[in-house]
Amino acid sequence: GASAPGLGALFGGDFKVGTALSNNTLQAQNPGLEALVAREFSAITAENAMKWEEVHPQADVWDWQRADHFVDFGQRHKMYTIGHTLVWHSQMPESVFVDGHGRLRKRSDIEQTMESHIAALAGRYRGKIQAWDVVNEAVTDDGQWRKSHWYNTLGENYFSRAFHLAREVDPNAELLYNDYNMTIPAKRDFALEQIVKFRKQGMPVHGVGMQAHVHLSEPAIAKIEASIEAIAAAGLDVHITELDVDVLPQAYDYMGAEISTNFAYSEKLNPFPEKLPEKIVDELAARYESLFKLFLKHRDKVRRVTLWGTTDAESWKNDWPVVGRTNYPLIFDRDGEPKKAYYAVAGLK
Ligand code: XIL
């Protein structure tokens, strides 16, 4: 079994260790997994349940069941509970932007929809959510605004508008900007520049979430450290929001495009269907150890480390960036047993 106090308690209350709760877990109300989460973690994020298309699939349709269960779980276990996410380009009903005739809606209608969405969602859980990922993935890897429907219709002010609205609706929640590949200097620097600019104009913001969907050796620890330092230097808290370590050959980029032709097809697709070779099990443990060592070294800046799921069985990395890969990115195995990676992290205490 895992260590007695669990990871959340192990490092102390000011350094949260979190996980994401999948829809399956929230729907099936999986008692075994919930007990494991309650014991091991001090923070939770809903992997999908609060995303627009899940919770608000049509203009007048809200589906609160999983989100309510999630927030209730956080309350019962006194966990740092993160709302994910208010404004994002993905997992969005297209009908928010486009009418029944395929025409882009009016700017004022889209703005109104954003306002009422934030009011209803953040309002329902006011006082029960410790932090909101207010805006998710607004910046491209080359350091520009992502040309999403949000940006294309409302311009860059959609970003600050979302933070102002979240503040009005739930004044005590910490407000975060969340993105992946935040170790790419162009991307990170652009995001920080914009946040600092808006903050000078009065936008409320507390921190930046680095998603941290990483690989066994990339990005290098030094690059991650540089971004932790850059975010803190801008006066913002660092949250590691979606940590997992992809152990499979890096044959695809984030969107599923092939980036390497150095692997045989079967090897690219699913090289370890039954079991991860012991050598890689050890590499994974070493990677987790060096990541957590870094986060703990900067615990004055890093408020929280959240893993993107609890067991390998439920990880999105089995299907991303291409479906049908058996992946081993987390610290509990498919049966919910702690892996070497778990003990490597726990051993840092
Ligand atoms: C992922 C979920 O894990 C998957 O189940 C879903 O199919 C797609 O989204 N960045 C984010 C997360 O902010 O919301 C994403 O979660 C992973 C990338």
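Enumerate the pairs (first residue in segment 122-150 and closer than 13 Å to W88 by Cα; second residue anywhere and in a helix (DSSP H, G or I) and among the basic types (K, R)) with beta-carbon separation below 6 Å, excluding pairs fewer than 6 apart on the same chain, so at least 6 apart or on different chains.
V139/K187
Do you know which residues across segment 13-41 are hydroxyl-bearing (S, T, Y) and within 23 Å of R303 (Cβ to Cβ)?
Applying the first criterion (hydroxyl-bearing (S, T, Y)) to segment 13-41 yields 19, 22, 25.
Answer for segment 13-41, where residues must be hydroxyl-bearing (S, T, Y) and within 23 Å of R303 (Cβ to Cβ): just T19.
Select, from R334, R287, the only residue that is away from the ligand (no atom under 13 Å from the Cβ) and touching a residue at least 24 places away in the same chain (Cβ under 8 Å).
Answer to the check: R287.
Considering segment 4-22 alone, what residues qualify as being touching a residue at least 12 places away in the same chain (Cβ under 8 Å) and surrounded by fewer than 16 Cβ atoms within 10 Å (Cβ to Cβ)?
G13, D14
So, in segment 124-159, of the ones that are polar (S, T, N, Q) and outside any helix (DSSP H, G or I), which residue ends up surrounded by the fewest Cβ atoms within 10 Å (Cβ to Cβ)?
Filtering first and then ranking leaves Q144.
Go through segment 313-329 and give me each residue that's in contact (Cβ under 8 Å) with a residue 12 or more places away in the chain, out of contact with any Pro (no Cβ under 7 Å at 6 or more places or on another chain), part of a helix (DSSP H, G or I) and not aromatic (F, W, Y).
Listed by number, the residues that qualify are A313, E314.
Sort out which residues of segment 175-186 are in contact (Cβ under 8 Å) with a residue 60 or more places away in the chain and crowded, with 21+ Cβ neighbours inside 10 Å, and write them in order of number. Can you show your working first?
Step one: of segment 175-186, the residues in contact (Cβ under 8 Å) with a residue 60 or more places away in the chain are 176, 178, 180-181.
If the condition is that a residue be in contact (Cβ under 8 Å) with a residue 60 or more places away in the chain and crowded, with 21+ Cβ neighbours inside 10 Å, then L176, N178 are the ones that fit.
Looking at (1) at pLDDT 95 or above; (2) in contact with a strand residue (DSSP E or B) (Cβ under 6 Å, 6 or more places away or on another chain), which is the one condition that is false for A286?
Every listed condition holds for A286 apart from (2).
Quick one: in segment 231-280, of everything that is hydroxyl-bearing (S, T, Y) and at pLDDT below 95, which residue is nearest to D133 (Cα to Cα)?
Restricting to residues being hydroxyl-bearing (S, T, Y) and at pLDDT below 95, the top hit is Y254.
Kindly provide the set of residues from segment 317-340 that are closer than 18 Å to D246 by Cβ and in contact with a strand residue (DSSP E or B) (Cβ under 8 Å, 6 or more places away or on another chain), ordered by number.
Taking segment 317-340 as the starting set, the residues that turn out to be closer than 18 Å to D246 by Cβ are 317-334, 339-340.
Answer for segment 317-340, where residues must be closer than 18 Å to D246 by Cβ and in contact with a strand residue (DSSP E or B) (Cβ under 8 Å, 6 or more places away or on another chain): K317, P321, V322, N327, P329, L330, I331, F332, D333, R334, K339.
Does segment 71-94 hold any residues that are within 30 Å of V345 (Cβ to Cβ) and away from the ligand (no atom under 14 Å from the Cβ), and which are they?
Selection gives V71, D72, F73, G74, Q75, R76, H77, K78, M79, Y80, T81.
For residues in segment 295-312 being part of a helix (DSSP H, G or I) and within 15 Å of A341 (Cβ to Cβ), which is farthest from the ligand (Cβ to nearest atom)?
Result: F295.
Conditions: (1) more than 16 Å from the ligand (Cβ to nearest atom); (2) surrounded by fewer than 18 Cβ atoms within 10 Å (Cβ to Cβ); (3) in contact (Cβ under 8 Å) with a residue 60 or more places away in the chain. V345 meets all but one. Number of the miss?
Here V345 clears every test but (2).
Among the residues of segment 93-115, write down those that are assigned to a helix (DSSP H, G or I) and at positive phi.
Taking segment 93-115 first, the residues assigned to a helix (DSSP H, G or I) are 94-96, 107-115.
Within segment 93-115, none qualify.
Results for (1) among the aliphatic types (A, V, I, L, M); (2) under 15 Å from V87 (Cβ atoms), shown as yes or no for each residue.
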| residue | (1), (2) |
| --- | --- |
| D170 | no, yes |
| L175 | yes, yes |
| P185 | no, no |
| E193 | no, no |
| F198 | no, yes |
| P204 | no, yes |
| G209 | no, yes |
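Within segment 34-70, track down each residue that is out of contact with any Leu (no Cβ under 8 Å at 6 or more places or on another chain), closer than 19 Å to L243 by Cα and within 16 Å of the ligand (Cβ to nearest atom).
A43, N48, K51, listed by residue number.
Has segment 309-330 got at least one residue that is loosely packed, with under 15 Cβ neighbours inside 10 Å, at pLDDT 95 or above and of a type in the set (K, R)?
no
When S42 is evaluated against the numbered criteria (1) closer than 16 Å to D333 by Cα; (2) of a type in the set (G, A, S); (3) within 21 Å of the chain's Cα centre (by Cα), which criterion, by number, is the only one it fails?
Here S42 clears every test but (1).
Among the residues of segment 63-94, which ones are touching a Lys or Arg at 6+ places or on another chain (Cβ under 9 Å) and over 13 Å from M50 (Cα atoms)?
D72, G74, Q75, M79, Y80, H89
The values are calculated or read from the model by the stated rules, or taken from the named source; none is laboratory data. Nothing here was measured: the structure is a model prediction, and the numbers come from that model. Note: ideal-geometry Cβ built from the backbone for every residue, glycine included; neighbour counts use all protein chains shown.
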